[in-house]
1. Helices (runs of 4 or more DSSP H) wholly in the range A:65-149 with at least 2 residues that are of a type in the set (Lys, Arg) and touching a residue at least 60 places away in the same chain (Cβ under 8 Å) - which ones?
2. If a residue has to be out of contact with any Ser or Thr (no Cβ under 8 Å at 6 or more places or on another chain), farther than 25 Å from B:Lys73 by Cβ and surrounded by 13 or more Cβ atoms within 10 Å (Cβ to Cβ) to count, how many in the range A:54-85 make the cut?
3. Hey, can you tell me all the residues within the range A:115-148 that are among the small types (Gly, Ala, Ser) and under 13 Å from the mean Cα position of the chain (by Cα)?
4. Return the pairs, sorted by first residue and then second, in which the second residue is outside any helix (DSSP H, G or I), the first residue lies in the range A:23-38 and is at pLDDT 90 or above, the beta carbons are less than 7 Å apart, and the residues are 6+ apart or on different chains.
5. I need a count of the residues in the range B:17-57 that are more than 7 Å from every other protein chain (Cβ to nearest Cβ) and over 23 Å from A:Ile114 (Cβ atoms).
6. Which condition number does A:Leu146 fail, the rest of (1) under 30 Å from A:His72 (Cβ atoms); (2) surrounded by fewer than 16 Cβ atoms within 10 Å (Cβ to Cβ) being met?
7. Please go through the range B:42-80 and give me each residue that is of a type in the set (A, V, I, L, M), modelled with pLDDT under 95 and closer than 30 Å to A:Trp105 by Cα, ordered by number.
8. Looking at the range A:40-97, which of its residues are touching a Pro at 6+ places or on another chain (Cβ under 9 Å) and farther than 26 Å from A:His173 by Cβ?
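The values are calculated or read from the model by the stated rules, or taken from the named source; none is laboratory data. Computed from a prediction, not measured in an experiment: that's the story for all the values here. Counting neighbours? That spans all protein chains shown, and the Cβs are built from the backbone with ideal geometry, glycine included.
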Amino acid sequence: MQDGEISKDLPPADVWVDQYGDLLFRYARLRVMDRSDCEELVQETFLAALKGKENFKGQCEFTTWLVGILKHKMMDHFRRQQRDQTDPLPDDSVVEGMFGRSGKWKKFPRRWHIDPQDSAIESEVLPALQRCMDALPESQRQAFALSVMDEQKSEEVCKTLSVSATNLYVLLHRARLRLRDCREKKGIPQARAVKG
Amino acid sequence: MLKLPKVLNCQAAAEMSCRRRDGSLSYYQRITLAIHLIICAGCRLMDKQFYLLDMAAKKLGSKGFSGKSQQEKALSLEAREKLKQLIR
């Protein structure tokens, strides 16, 4: 697998699934909730790659090229989903419920002992974050994945998800509040306590 | 437009803290938020938590690429076989 990743040659199609299938699946699964949707996206990606393999001229790693196709397929997937959605911004009673009538915290935030530089963050904090992301409502999850995880410009995200800028900010703010709540309730396990 | 109460409460501060991360906060709003963060320890923690969440999310995004596969994060056997039939 490692060799396939560095090579800029076009690998034979019969090794694609074994060499790149899981990698593409993982990439999709981080951004798209549904497993079968992800498998379908991987399939669409491979088929498009097969059809257009003459276009791969070794200008980048083959993996990068495949992921580029997958990204396009994912954006299409998001657009299709948005078209089926009727109410772009329903109320979020969970988030509302985090604050009292006067707008004060019902449960005061706690200190997190997480050091972003700590290597334990990879094995413990990130998988837990993904679990918390999976618990987000779909629109919040997508907004957070594209804007924060992938650092896409807000105009692009607005187009892909067909939401207004204002609504995108609301989705992101709700997503973050839910994620921090999820972490405090279920506990993204503490990375090795740093100090304090 | 973000509606601001005369005195910023925690709920509005949470929204503004996010908006600052997403780069859409006016100068005046920044100051209002900063003042709230000085007086409210809970929101100072929240502000830090949002920072940590964003950092972790960015790491997750880049790591998902090359990270070690877990069983749950791999193609199912069925899907793999189906793909192999299609692509050769």
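1. By residue number, no helices (runs of 4 or more DSSP H) qualify.
2. 1
3. A:Ala135, A:Ser139, A:Ala143, A:Ala145, A:Ser147
4. Matching pairs, first to second residue: A:Phe25/B:Ala74; A:Phe25/B:Leu75; A:Cys38/A:Val32.
5. Of the residues in that region, 14 qualify.
6. (2)
7. Across the range B:42-80, the qualifying residues are B:Leu52, B:Leu53, B:Met55, B:Ala56, B:Ala57, B:Leu60.
8. Scanning the range A:40-97 gives a single hit, A:Phe62.
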